[in-house]
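Presented below is the structure to which this report refers.
Laboratory data are not the source of any read-out in this text; all were calculated from the coordinates shown. Keep in mind the model is a prediction, meaning the values are calculated, not measured. Don't worry about glycine lacking a Cβ; one is built from the backbone with ideal geometry, like all the others, and counts go over all protein chains shown.
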Amino acid sequence: VLVLWPFVTSSVSRLDEITNNIYQHPFTVSNAALDMKGALFEIRNNLLQAVLVRARGYSQNSSVKEIDDLNLQANADLVVVRKGFLGDMARIEKLGRLLKQWQVIRAEVFRLEAAGKHDAAVKIIRSTGTVKFNEIVVELDYVISFARHKATEYVQSAGSQSLAQLSELRSLLVGLIGTIIITMFAVASRIRFDLKRSDQAMQLQQQKDIQ
C-alpha cells in the first residue's frame, strides 16, 4: 500500500486537474457563450417586433425594458467568457466592443421611432444594425467552437494519461509482486537453513550424550 500510495495521490491530482480544465474552462465558457447568443437573438427579435413588425401588444417601453434585462444577461455572460477563455483574448475584447456598439445602435433606433421617424429607424436596423449583429455572431461562434475544441483536446489528453497511468500501475504491480516473491523465497531459504542448523546441532548433542 505504501508503495502504491504516491501513484494513487498522483492519479487523484491528475484527475482533479483534468476535471478542472474541462469544466472550469471549455464547458463553462461555451455554455456562457451559448447563453449570450440566445439573449442577443431575443434582443434582436424584440427589436424587430417593436419597430419593423409593430406587433400587437408590443410597446416601446416594454420592449426597451426587456431588451435592457437581456443586455444585462449578455454582459454577465461576457464576464464569464472573459474570465475563462483560453484562446485569443483580442477576439473577446472585440466582442465586448461590438456589444457596446450594437447597444448604441439600438438606442438610436428607439430614439428615431419615438420621434416618429420610422423609416429612418428601419433603415438603421436593416443596415448598420444587421451588420453589427452578424459581426457579434461571428465572434460568439468562434468562442463556442474554440471552447468545444479545447474540451475535446482535454478529453483526449485524459484518455492518454489514463493509459499511461495504467501502464505505470502495471509496472509497479509487477515490481511489487516480484519483490514479494523474492522476499518470500529469501525468508523460506533462511528458515530452511536455520532448521537444518538446528537439526545438526541436535544430532551433535545426541552423539555427545551417547558417548
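Per-residue packing, averaged as other Cβ atoms within 10 Å, sorts the ranges 142-152, 84-94, 30-40 into the order 30-40, 142-152, 84-94, beginning with the highest.
Take the Cβ atoms of L72 and A120, set R0 to 22 Å, and the FRET efficiency comes out at 0.20.
Full extension of the segment from K196 to K100, taken as 0.36 nm per residue of separation minus the current Cα-Cα distance, would add 25.2 nm.
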